[in-house]
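Working notes, beginning with the structure itself.
What follows draws every value from the coordinates through simple rules; no lab data is involved. Everything quoted here is computed from the prediction, not taken from an experiment. Positions of Cβ are generated from backbone atoms using ideal geometry, with glycine treated the same way; all protein chains shown enter the neighbour counts.
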């Protein structure tokens with residue numbers, strides 16, 4: 001009988017100690033304050049919950065700067081080295097989805113990054129002519145499309161025959177107004193002093209001063225450089241490939257991509 005009572009007493013003490021330990025842990029959890037979350041941008045603690053991410057993590061929004069973020073995100077921020085690599089890849093014939101696969105970044109982030117970069121790209125050419133000698137330029141227009149193939153967009157280009165640099169550009173239709181915009185995009189020294197070779201498109205004759213202009217055929221070889229430049233654009237800008245799915249859906253992105261390549265092309269010639 002005494003053995004049974006001792007065993008029951010042992011069980012009672014064991015149960016009592018377990019309950020005491022659990023109550024202590026519970027009280028500690030109640031009293032312990034959760035870690036304070038702060039905005040990673042401005043450091044503000046004034047946050048509100050703002051739904052959940054695609055993988056179920058809670059999202060927060062900062063009331064001070066409106067930044068939305070996730071605590072302990074799975075994907076780390078894209079480094080500056082990766083962004084510089086993307087900037088170089090944009091000058092090659094690689095689609096944006098191809099870049100996203102190679103660099104292993106999300107498609108949505110890459111699209112936003114590229115759109116912002118193209119929007120910030122300067123749409124004017126700064127050319128410094130070192131020698132006041134005879135200037136010769138060649139002009140031509142190249143067909144492209146935006147959103148669908150029936151929506152034709154023409155890229156008007158002017159190239160310096162001696163330096164091979166692009167000195168003028170306008171993206172628009174194939175009318176006299178666009179030819180006038182191309183001529184206006186040229187630096188003043190080219191408008192005043194350069195002699196211009198073009199094809200027989202009528203718009204050139206009505207815009208370029210007759211004493212500085214000569215219309216020629218391809219067989220003369222006097223527009224070979226601008227014709228070769230058109231091929232370079234087709235080969236290195238995926239948006240301009242004739243049979244391609246990498247076309248632009250928005251005109252602003254199309255224009256920005258053309259100017260981004262122009263600045264990169266001229267910069268390459270400076271390094272040679």
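From the alpha carbon centroid of region 94-124 to that of region 248-266 is 12 Å.
Per-residue packing, averaged as other Cβ atoms within 10 Å, sorts the ranges 197-204, 86-93, 256-263 into the order 256-263, 197-204, 86-93, beginning with the highest. Packing here is the average count of other Cβ atoms within 10 Å per residue, and on that basis the peptides 100-113, 139-152, highest first, run 139-152, 100-113. Note: region 136-271, Cα convex hull, 110 Å³ per residue.
Orientation-averaged projection of region 35-186 equals 14.5 nm² [convex hull of Cα atoms, one quarter of hull surface area]. A straight line joining the Cα centroids of region 150-167 and region 181-218 runs 12 Å.
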